[in-house]
Amino acid sequence: MCPQPDPSKVRNYFLDLAGQQVHVSCYGNGPQLLITLHGYDYDGSVFAAWASTLGDQYTLCAPDLPFHGQTSWRGREFRPETIQAIITAIAHHEGASTFHLAGHSLGARLLVCTGNTWVEQVTQFILLAPAGIGSFDRVPPLWMQRIAEKALAWPLWLKFLVNLGSRLKLVSNFHRRYAEVQLFDAQKRQLLFRTYNSLRHLRTTRPDRKQFWEQTTIPTLVVLAEQDRFVPNGAIKAYFLKNKHIKIVETPGNHDLVNEKTARVMLEEL
């Protein structure tokens, strides 16, 4: 008997989308295609954690989203059509006419905002702690974001203000650490603003998007973490509650739901 391929081994390739290079990591060798979208400040390699549990049943293909990982993306933002093109290109590359779609946090928000384009191809949606529902749905206009980005291009004064605010107890330890990680470093600052620029096209409260999730018959699994501090679980439940085809599961843990435990939950529920 020939040995079976190791589902934890990764297969990498780049997709060319009008000159933009999108990096894709693939795990597993199962007969069903599962395209997975990671969260903010992650990349596709995070889904390696699912390979040992799901790799016999699914081939997992995880792109690095624009401005993340090894994907080379020019421009100041991306749009829902960008995500649609990436998913379509992966399905074509893998030779699949139907597929599952999974997303975590920002990745789940992208699926919420593009879900109504996949009615003929998606077998099931899996949404892990979807961002943008009940928080960060509205963002400042682009001109205001650009002013903020230019103002933060001089991190020395920003460090001074953050440290002063911390000493005066006007800035919490959480926000001080957030500024240190996300704003002091130039590359992190660019990732933050380029992604934030894009959120103006990704509003989950847009009427046609809400209507889709209220009426879709595509089986959907929503997984929430009981100790999640980053997304409002109550607002997410309310968003999906009207649809009997959507199942909501809460699991112990925090926002980082891309792990083997969640993969086992998915295997039981899919």
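Numerical summary
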{"item": "Exceeding the 24 Å Cα-Cα cut-off - candidates Lys9/Lys188; Lys210/Lys244; Lys237/Lys261", "result": "Lys9/Lys188"}
{"item": "3J(HN,Hα) from dihedral phi, segment 36-50, Karplus parametrisation 6.51/-1.76/1.60, rounded to Hz, x for glycine, proline", "result": "10, 10, 7, x, 4, 6, 10, 8, x, 5, 4, 7, 4, 5, 8"}
{"item": "Three-way shape call for segment 221-270 based on the alpha-carbon gyration tensor, with the a/c threshold at 1.5", "result": "oblate"}
{"item": "Two-site label geometry, Glu120 and Thr88: point separation in nm, points 7 Å out along Cα→Cβ", "result": "1.1"}
{"item": "Amide H within-cut-off set for Ile248, under 5 Å, with H built and near neighbours excluded", "result": "Val222"}
{"item": "Glu250 accessible area, assembled protein chains, probe 1.4 Å, Å²", "result": "80"}
{"item": "Per-residue HN-Hα couplings for segment 253-266 [Karplus 6.51, -1.76, 1.60; θ = phi - 60°; Hz; x = Gly/Pro]", "result": "x, 10, 5, 7, 8, 7, 8, 5, 4, 5, 4, 5, 4, 4"}
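The values are calculated or read from the model by the stated rules, or taken from the named source; none is laboratory data. Bear in mind that the values here come from a model prediction, so they are computed numbers and not experimental data. Counting neighbours? That spans all protein chains shown, and the Cβs are built from the backbone with ideal geometry, glycine included. When the accessible area is computed, the model is the full protein with side chains, heavy atoms only, and any ligands, DNA or RNA have been set aside. Shrake-Rupley method; radii C 1.70, N 1.55, O 1.52, S 1.80 Å.
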